[in-house]
């Protein structure tokens, strides 16, 4: 998912319990039900033919909205509204740049420019794409494991403050181990969007997560952009999109 835009601690509370119940709805999927197919897109896909994507099996999509505090996907508005008109459940994601500004600042920018949420059954929770740095060789964006965990927490807290939802976290198992020390601080109240390509299963999960909510399993396929699955039924996906 990572592409340069030009190129290409927990409290036991009522809210935490509610979020945990939502997470429980998302997995694991039963063998009898096929997980809904979806995809994620950015400015690289430009003007997506959304009715065609739905005919090919898409039921949900994540659309890149922002990166750091200075980049907005110029196609976001059309992609986001087009997906909804075609009958797809859709959400927005932010590409993290922890080397540029604080998590709270980036969350605020994200929400202001499309990363919101409302419990209408059609809007997926905001998502944070945090992974390898596509712009250089600075490991973990130059942050220590402790500072990286703090950055993610800052982003999450601000997103929740502004939208009422904790973000979905998109990452890889390897990156999470390398850059957070395999922190378990988020697994109880943040859905996991795991990236692992070219395998029959997503494999070992990071940081205490017992199951994945979304799986990005391929970068190319029948649908525009990256190919994803939801770990549950379509009914569960709708519940996930509307439950706080």
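All of the numbers you see were taken from the coordinates with simple rules; none came from a lab. Worth saying up front: this structure is predicted, and the values here are computed from it rather than measured. Here Cβ is always computed from backbone atoms with ideal geometry, including for glycine, and neighbour counts include all displayed protein chains.
Output yes when any residue across the stretch 176-196 is in a helix (DSSP H, G or I), under 17 Å from the mean Cα position of the chain (by Cα) and buried (at least 18 other Cβ atoms within 10 Å of the Cβ), and no when none is.
First pass over the stretch 176-196, keeping only residues in a helix (DSSP H, G or I): 176-180.
Subsequent filtering for residues that are under 17 Å from the mean Cα position of the chain (by Cα) retains 176.
Filter once more, keeping what is buried (at least 18 other Cβ atoms within 10 Å of the Cβ): 176.
Within the stretch 176-196, one or more residues are in a helix (DSSP H, G or I), under 17 Å from the mean Cα position of the chain (by Cα) and buried (at least 18 other Cβ atoms within 10 Å of the Cβ).
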Within the stretch 143-171, can you find the residues that are in a loop (DSSP other than H, G, I, E, B), out of contact with any helix residue (DSSP H, G or I) (no Cβ under 8 Å at 6 or more places or on another chain) and more than 24 Å from residue 123 (Cα to Cα)?
-> 144
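Restricting to the stretch 128-146, count the residues that are more than 20 Å from the chain's Cα centre (by Cα) and surrounded by 15 or more Cβ atoms within 10 Å (Cβ to Cβ).
2
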Tell me, which residue of the stretch 62-84 that is farther than 17 Å from residue 110 by Cα and touching a helix residue (DSSP H, G or I) at 6+ places or on another chain (Cβ under 7 Å) is surrounded by the fewest Cβ atoms within 10 Å (Cβ to Cβ)?
-> 82
Note on residue 204: of the conditions (1) surrounded by 13 or more Cβ atoms within 10 Å (Cβ to Cβ); (2) part of a loop (DSSP other than H, G, I, E, B), unmet is (1)
Pairs, first over 26 Å from residue 239 (Cβ atoms) in the stretch 182-205, second surrounded by fewer than 14 Cβ atoms within 10 Å (Cβ to Cβ), C-beta under 8 Å, six or more apart = 197/219
Unmet criterion (only one of (1) under 27 Å from residue 175 (Cβ atoms); (2) more than 15 Å from the chain's Cα centre (by Cα)) for residue 125 = (2)
